[in-house]
Amino acid sequence: MGLRDTLFGRTKQVAPKLDGLFALPSAALTLESELDLVPSDNAGLCFKAGSGETTITTDDEIIALLNFDDKTGTVKVTTDDLGFKWLVVSDPELDGLVTRIHGANTTMVEHGLGPRLLCAVFGFVPKTPPGDGAVRMVYLLKQGTFYPSRRPDRTNAITSWELRVRSFVGDDLPMEKDLARWMALWNLPVS
């Protein structure tokens, strides 16, 4: 970043940190053994819709750009209540979900969509229902850290269940230390 960028208020975009995603499959073993949680077979990549440097604007163009193989799962693009776009991937294997989300991130960055990327979300559900409830592991792309999310009553208060999940997987995953970044996420297309 040069003097001209500083004078005109331009900032350099932070590139997504994707390596932490690959720690999730080993953390899933801890989630299953300690908390009876298993992957829900779907994940999502959240990004801002809108204009930018790229001409890719439609859902079909995004899916075509990613060129995923449909033999092991499905891929769709949807929009949530707040207008954010979600690439929702289903795959019976957590390794496949992680690989697809990582590949989607990489491809979108290569095509100028990097500044639009926000987070990746992986669903975990009780192995023996009803259990203590489902949780989503949210990966903050710019920080390269995870946090658990479960806010059933639409409040912003962090729940004891989220803190419990963190205590079990904190050694397995790069966890977000700043609790202010643990954003409440509701009505997600990822179960």
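Values quoted throughout were computed directly from the atomic coordinates according to the rules given, and no laboratory measurement underlies them. Because the structure is a prediction, the values reported are computed rather than measured. Note: ideal-geometry Cβ built from the backbone for every residue, glycine included; neighbour counts use all protein chains shown.
Once the chain from E61 to K127 is taken as fully extended at 0.36 nm per residue, the excess over their C-alpha distance is 20.1 nm.
When you count the other C-beta atoms within 10 angstrom of each residue and take the mean per peptide, 118-128, 174-184, 151-161 line up highest first as 118-128, 174-184, 151-161.
Backbone amide hydrogens, once placed in the peptide plane, bring K142 within less than 5 Å of K17, excluding anything fewer than 5 places away on its chain. Computed about the Cα centre, the dipole magnitude for the stretch 107-176 is approximately 220 debye when only Lys and Arg (+1) and Asp and Glu (-1) carry charge, each at its Cβ. Spin-label model, T106/R181: points 7 Å from Cα along the beta carbon direction are separated by 2.3 nm.
Using 14 Å as the cut-off for backbone N distance, which residues of the stretch 113-129 belong to the label zone defined by a point 7 Å from the Cα of D36 along Cα→Cβ? Counting only backbone N, you get 125-129.
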